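Encoded as structure tokens, the structure appears first; notes follow it.
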């Protein structure tokens with residue numbers, strides 16, 4: 001996403017990235033970042049919760065309006081209808097995707113090899 005935002009910025013269009021990972025967005029060079037603490041897949045809020053969605057979009061537009069130059073980072077406080085641990089569990093699939101399973105297995109193998117070296 002930062003590449004697309006940077007491309008738009010170069011063309012004269014200001015952008016705001018709404019993300020659950022503002023730290024990484026900032027490190028990747030996103031021009032303007034709005035951090036929200038919501039489950040992955042729901043950056044604009046809970047499905048059907050118009051008030052939450054309007055609040056997040058309003059915060060993004062406010063950041064766009066007040067940010068004097070690229071690099072601005074802001075957070076918006078959102079009250080998700082579920083406790084965070086429960087919401088994370090609901091988002092996670094019961095079984096890891098093949099690519100995630102492969103990455104996890106490789107990381108575990110590297111950790112085991114390091115343990116055996118010591």
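Condition first: over 13 Å from residue 69 (Cα atoms) and not in a helix (DSSP H, G or I). Now tell me which residues in segment 6-35 satisfy that.
11, 17, 18, 19, 20, 21, 34, 35
Output the residues belonging to segment 45-72 that are buried (at least 17 other Cβ atoms within 10 Å of the Cβ), in contact with a helix residue (DSSP H, G or I) (Cβ under 8 Å, 6 or more places away or on another chain) and within 18 Å of residue 23 (Cα to Cα).
Passing the criteria: only 72.
Here, each number is a calculation from the coordinates, and none is a lab measurement. If you're wondering where the values come from, they're calculated on a predicted model, not measured in any experiment. Positions of Cβ are generated from backbone atoms using ideal geometry, with glycine treated the same way; all protein chains shown enter the neighbour counts.
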